[in-house]
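Below is one structure, written out as structure tokens; comments come after it.
The values are calculated or read from the model by the stated rules, or taken from the named source; none is laboratory data. Bear in mind the structure is a predicted one, so any value in this text is a computation, not a measurement. For neighbour counting, all protein chains shown are included, and Cβ atoms are generated from backbone atoms with ideal geometry for every residue, glycine included. Protein only, heavy atoms only, side chains kept; ligands, DNA and RNA dropped before computing areas. Shrake-Rupley method; radii C 1.70, N 1.55, O 1.52, S 1.80 Å.
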Amino acid sequence: MENKTRHEMSAIYSEVILPNSILLILGTVIGIVGNLLILILYTFGLKDTAGQRFFIPVLALVDTLGCLVSVIFYLMDNYFLFDFPSAILCQILSFFMCFTSGCSGHLLLVIALQRYFLICRPLGRQMTSYIRKVTVLVLFVGTFVYSLPLFLTSGIRLSNKVFLHQTVAAGNCVLSVKVGPEAMVYFVILFLITIINIVLIAGFYIPVTKTIYQHIKMKNRRRSTIYNVKMSIAAPSTVSTLSESTTSAGSAKSTNIPEMAPYAKTQINIMFLAIITVYVFSYLPSFAILLTTYIKHDFDYLQLSPMGINAWIFSARLIFLNHIVNPFIYGYFDVKLRFELRRIFCRK
């Protein structure tokens, strides 16, 4: 009777959480297609002799694995909340979710560091091929080390759950079977690692953005000076002709010059804000909810309304968003990649 009750309640819960499951499937399809496209194009389509795009395909591979692992775990949690089928599977999925999300975040940091060297210190020492490979290895090993405890702490916790005013003896997959100070310290450490990672990414991208702004201003100032010199030595008739052609055409190179700076600045700002904003708003809510779960023992999101349950679960899983949008952020702002995509998909 108990197993039947668990199964029935899991089926009812899966219906309540159906909007979340649909969003998960759609996000997974978009994320996998986007990441695989970036992975294939960067690996086989674009030449990268200087190694400036070395980390992008690595990031795409990690995010592809992250999408696959996350959707398996989340869908199983949606459909088997009260009777998760395997403790070993729970441990494996918990470990790989932490590992892939951690690697993804740290790769963003390494990419920010590489761009800092390329833009802010172009004449200084850059990352060699050997350093790039060692960096990826160290990154993977370090993330593996701090993700490993999840393989030991996660599992199926047996407890009484109240759902739809019914008490169910549930066995659900959790990141820490034992609730205590050790688990709390571990999750606080994970939270601090994320915060430090965010601060370092911002610390590298801020001077990068300032440097690019300065280059844009200098470039536009030189163009404006050259144009003014040419116009000053031109004959009045030539100036008149140029003015008429400018009016008839609607715009001329001279009017485009000062308009380039705001557009370029906007593009840079969008990239900077997209990288930082998506990373912050995908990681911090997930960790905040995780900490809340282990701090407030008397709170259970299952006692919320169906809309509240969906909102809580969606916020708790926002970390999944980072795996989806990364290829679109870096793909959109890579001019060579956009050209390659046009060349492939716009053939007549």
Open item on the list: So, in the range 136-158, how many residues would count as being open to solvent by less than 30 Å² (accessible area, probe 1.4 Å) and either of a type in the set (F, W, Y) or part of a helix (DSSP H, G or I) (or both)?
Closed with: 5
TODO: Could you please tell me which pairs satisfy a Cβ distance under 8 Å, a separation of 6+ or placement on different chains, a first residue in the range 156-177 that is closer than 15 Å to A11 by Cβ, and a second residue that is hydroxyl-bearing (S, T, Y) and outside any strand (DSSP E or B)?
DONE: F163/Y13; V168/T5
Task: Number of the exception - S159 against (1) farther than 19 Å from I56 by Cα; (2) out of contact with any strand residue (DSSP E or B) (no Cβ under 7 Å at 6 or more places or on another chain) - done: (2)
- [ ] Report, by residue number, each residue of the range 178-191 that is free of Cβ contacts under 8 Å to residues at least 24 places away in the same chain and either under 25 Å from Y74 (Cβ atoms) or outside any helix (DSSP H, G or I) (or both).
- [x] G180
- [ ] Would you mind stating whether A50 is at pLDDT 85 or above and open to solvent by less than 70 Å² (accessible area, probe 1.4 Å)?
- [x] no
TODO: Identify all residues within the range 88-135 that are of a type in the set (G, A, S) and either open to solvent by 20 Å² or more (accessible area, probe 1.4 Å) or more than 26 Å from L190 (Cβ to Cβ) (or both); write none if there are none.
DONE: G124, S129
